[in-house]
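The structure under discussion appears below in the form of structure tokens.
The values are calculated or read from the model by the stated rules, or taken from the named source; none is laboratory data. Note that the coordinates shown come from a computational prediction; the quantities given were computed from them, not determined experimentally. Counting neighbours? That spans all protein chains shown, and the Cβs are built from the backbone with ideal geometry, glycine included. For the accessible areas, the whole protein counts, side chains as well, though only heavy atoms, and no ligand, DNA or RNA atoms are used. Shrake-Rupley method; radii C 1.70, N 1.55, O 1.52, S 1.80 Å.
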Amino acid sequence: MNLLVSYDWLKDYVKLKHTPQEFAARLSLSGPSVERIHAAGASLEKVVVGKILKVKPHPNADKLRVVETDLGTMAKDIVCGGSNLEAGMLVAVALPGAWVKWHGEGEPVEIKEAALRGVASYGMICGADEIGLADAFPKQGEKEILDLTSTKAAPGTPLAEALKLDDVVFDVEVTSNRPDAYCMLGMAMEASAILKAPLTWKAPKMPKAKAGAKPEALAVELKAKKLCPRYQAVVMRNAKVGESPAWMKARLASAGVRSINNLVDITNFVRLELGQPMHVFDYDKLAGKKIVVREAVQGETLKALDGNAYELKAGQLVIADAEKPVAVAGVMGGEESGATGTTTTVVFESAAFDPVSVRRTARALNLHSDSSKLYEKGLSTELTAMALARAAELAAELCGAEVASKVIDARASAYKPLVFPFRPSVAAKLIGVDIPAKEMKRILTDLGFKVSGAAAKWKVVVPFWRDHDIEGERDLVEEVARVHGYGNLPSVMPEGRLPLAEPARALVWEDRAKRLLKAWGHVELMTYSFISKELAAKSDCGESDMLRVSNPLSEEYEFMRDRLTGSVLDVIAKNQEEAVEGRCFELANVYIPRKGDLPIETPRLLIASWSRHADGRDTLAVKGVVEALLEEFGVRGAKVVRDGEGNAVWHPGRSATIEVGGEMLGGFGEFHPDYLKRFGIERRVAGASLDFAMLSALARDAKFYSPVSEFPRVKRDLAFVVGRRSEHAAIVEKMRNADPLLKEVELFDVFEGGNLGEGKKSMAYHLQFGADDRTLKAEEVDRVMETLRARLKEAFGAEIRS
């Protein structure tokens, strides 16, 4: 979160004598970081306040006037076309050399002395939009020329000074756990503690009701105490709605807020000053003169201040009157109950709302405001009273309003401040510097903490504005360390061995798998864990089998996937025209729902391969990658089992499963053509899906070594014809079990067609024979070869080829 902080405004709360640059540097080292420094009045150079002495007609133009203007050191004639000019009026005058925008549009132009229709003109009398002040004076645009009479500034005064814009504005980054610092008072307290500057701010006091005046009736019913732990309100009558004074406009403008009217400006001012969002209702528009804090009824509607109508859902917190919702709690007020130019009696609201409730409601309605951003961070219930008193003070000062009711205070429970122990010796040890206990106490006290107790162990009471981020003694130590200044900590080279944490086993194997697959020519994919309803249907995932996100960012991210196939095939489909062949993989978590509990989050590996060819080579390529991966991971005993039936995902005749120790590790093969058509994929795609959690559990770092035999091996080839559906794995297993002298079996040729006959294929193998204690004789190898031929004939009906 970023806050624009006026240095001039900040000085209203704390005595500061530092230059803006010094202040920014010190604050950034020990508190919120100052990202930029803006000179607020830089664009108003050579723009001064002028006083109109006389308005005369232009001799050569009916729509122009010749305005004699007092500029402080001289009086000059200025030709102007404004319709609201009159003697005695204070105006903004751009002197020669100043830069303005004609009617607030286009590029800035430099003002020069010139003759307009034959009359010499010294400078230009400006409208608000021409000098960049349209937001500060929104209603002045209707009057053409900016009227500065209310400033009572002396002629010749620089305009930036007259409007208190001769200021420096800091763009400050405030971390989300520190909403207390997201206001002028919070920033002042930080500055006071860090710079040892006295805090001059005085707590506001609720004005008293006029003696003898009949109070206005207002009832508050708190029905949703968990979502609204405290709600305060007060009625004020005889309010005169109009423009805010110049100082208020200048303060709001420095924070980037546009002035609306004095009532609305008060609520914005209090939010910026104290960090408490507020709202103002038109008392006469509240049905039954009642406020009910409740959850919305499904289907209720509210037209908000942004002009849009919103349909509310059950569970969303609203502020209602006796009949209907009048505001979305913590987010935005309703248009019908808002204060207008004819409002005379108002209700100021100051409340604390549950941050999670506000965030969910704002996101569900896609309705966000400055108030909701603050409430979402978590505000104290004890801030409401101070803000309400300040708003009432300002309403009395700026609107002439009078308190017309008691302060209504509905709360869920009494407030109990947080109390933590603090041991200065422990703090010094954690910080690594011997900070005097007196200085520690000074820092904590300046930050608003109450410190008491013995020297060895203090009792520290947390101020209410810090009750959302201070959680224990170590947080207090951090406060001391940062205010003391991290830059003041000594620089010492570390000694001894670095504490190296044992890397997580699963992450080590994940990293190894990714590096291997990339080295083997595969592109890594990283897709979202969230998928759409449409993609889930394509992936053959039932909605009931997946975890649905209750508040998705969009319909594209509604479900948490329970498999990777859909995500990977969706990527292949989108790239199939550009990438006619390729290899890719994704190693990511999937989410298996569990009733009444968090989902099972487990890693899966999906490998895919596709090309122009339709001869099954992609399936063989994927199979080879899986075999190589298992070998690199040291997994032994893996068994390939043909999946004769297949399913909606895998081709029934071109897929298989992989088992280790009787448990399924995954599968590989060719995706079913119908499955691919769902994604619009027009070519054959092969893939493998592995349970990576099981794979990493089976993986072994240890390498197995078998010494090379000192006796030579005998090599023979064996070729035979078998049925087309005979499996290589079964043939190899049958041969390996025939005799221990057979050491290696390698397939080197498969042939179909020719004179073999239909349903037949020829397979040829390289065989290696050997013994660890002798050189084999030809007769021994011949005997094993005969055994192999017999076994193959018996098991597969093999016809041995010569």
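Once R0 is set to 22 Å, what does the formula 1/(1 + (r/R0)^6) return for the Cβ-Cβ distance between residue 507 and residue 600, expressed as a FRET efficiency to the nearest 0.05?
Rounded to the nearest 0.05, the efficiency is 0.75.
Summing +1 for each Lys or Arg and -1 for each Asp or Glu, what net charge is found among the other residues whose Cβ lies under 13 Å from the Cβ of residue 556? Spell out each step's value before the answer.
Details: positive: 533, 561; negative: 534, 555, 558, 570.
So the environment of residue 556 carries a net charge of -2.
Can you give me the accessible area per residue for the chain, using a 1.4 Å probe, in Å²?
On the way: 40780 Å² over 802 residues.
Per residue, the chain has an accessible area of 51 Å².
Taking the full set of protein chains and a 1.4 angstrom probe, give the accessible area of residue 620 in square angstrom, rounded to the nearest 10.
Estimated to the nearest 10 Å², residue 620 gives 120 Å².
About its Cα centre, how strong a charge dipole does the chain have in debye, to the nearest 20, once Lys and Arg get +1 and Asp and Glu get -1 at the Cβ? Spell out each step's value before the answer.
Values: 109 positive and 113 negative charges, 393 e Å.
Charge dipole of the chain: 1880 debye, to the nearest 20.
Looking at the P(r) of the range 419-487, how many percent of alpha-carbon pairs lie beyond 20 Å?
Numbers: 392 of 2346 pairs.
When every Cα pair of the range 419-487 is considered, 17 percent fall beyond 20 Å.
Taking the Cβ of residue 303 as the centre, find all other residues whose Cβ is under 14 Å away and add up their charges (Lys, Arg: +1; Asp, Glu: -1). Could you put the intermediate results ahead of the total?
Working: positive: 285, 324; negative: 300, 306, 311, 335, 336.
For residues surrounding residue 303, the net value is -3.
When you count, for each residue, the other Cβ atoms within 10 Å and take the mean per peptide, how do 158-171, 742-755 rank with the highest first?
Values: 158-171: 21.1, 742-755: 12.0.
Going by the mean number of other Cβ atoms within 10 Å, highest first, we get 158-171, 742-755.
How large is the convex hull of the C-alpha atoms of the range 714-800 per residue, in Å³?
Details: hull volume 7.3 nm³, N = 87.
Spelled out: Cα convex hull of the range 714-800, divided by residues, is 84 Å³.
For the range 427-548, report the translational diffusion coefficient in µm²/s to the nearest whole number, using Stokes-Einstein at 37 °C, 0.692 mPa s, and a Kirkwood Rh over Cα pairs. Mind dumping the intermediate values first?
Working: Rh = 20.6 Å.
Answer from the Stokes-Einstein relation: 159 µm²/s.
Could you work out the local net charge near residue 633, counting Lys and Arg as +1, Asp and Glu as -1, over the other residues with Cβ closer than 14 Å to its Cβ?
Details: positive: 505, 512, 514, 515, 636, 700, 703; negative: 510, 511, 627, 631, 632, 691, 701.
It works out to a net charge of 0.
Going down the list 205/303; 225/313; 677/761; 56/152, which pairs span over 29 Å between their C-alpha atoms? Please report the intermediate quantities before stating the final value.
Details: 205/303 34 Å; 225/313 18 Å; 677/761 31 Å; 56/152 24 Å.
Cα-Cα > 29 Å for 205/303; 677/761; rest within.
In cubic angstrom, how much convex hull volume per residue do the alpha carbon atoms of the range 505-698 span? Walk me through the numbers on the way to the answer.
On the way: hull volume 24.9 nm³, N = 194.
Taking the convex hull of the Cα positions in the range 505-698, it is 128 Å³ per residue.
Provide 206, 526 ordered by accessible surface of protein heavy atoms (probe 1.4 Å), highest first.
526, 206
Between residue 551 and residue 526, how high is the FRET efficiency from 1/(1 + (r/R0)^6) when r is the Cβ-Cβ distance and R₀ = 25 Å? Nearest 0.05. Numbers along the way, then the final one.
Values: r = 24 Å, r/R0 = 0.95.
That gives a FRET efficiency of 0.60.
Take the Cα coordinates of the range 219-411, assign each an equal point scatterer, and use the Debye formula without solvent to give log10 I(q)/I(0) at q = 0.15, 0.19 Å⁻¹.
-0.84, -1.41
Which value at 222 nm does the chain reach when only helices count, each DSSP H run of 4 or more adding -39,500 (n - 2.57), with the total divided by all residues and rounded to the nearest 500 deg cm²/dmol?
Roughly -7500 deg cm²/dmol at 222 nm, from the helical runs in the chain.
For a quick check: with amide H placed at 1.01 Å from N, whose amide H comes under 5 Å from residue 404's, ignoring anything fewer than 5 positions away on the same chain?
Answer set, sorted by chain and number: 235, 236, 237.
Which pairs in the list 760/793; 373/595; 226/285; 639/715 are over 23 Å apart, alpha-carbon to alpha-carbon?
Working: 760/793 14 Å; 373/595 34 Å; 226/285 27 Å; 639/715 26 Å.
Beyond 23 Å between Cα atoms: 373/595; 226/285; 639/715.
For the range 42-162, evaluate the Debye formula with one uniform point scatterer on each Cα (no solvent term) and list log10 I(q)/I(0) at q = 0.13, 0.15, 0.17, 0.18 Å⁻¹, rounded to two decimals.
The computed values of log10 I(q)/I(0) come out as -0.44, -0.59, -0.78, -0.88.
In a Debye calculation with equal point scatterers on the alpha-carbon sites of the chain and no solvent, what is log10 I(q)/I(0) at q = 0.06 Å⁻¹?
Relative scattering, expressed as log10 I(q)/I(0), comes to -0.66.
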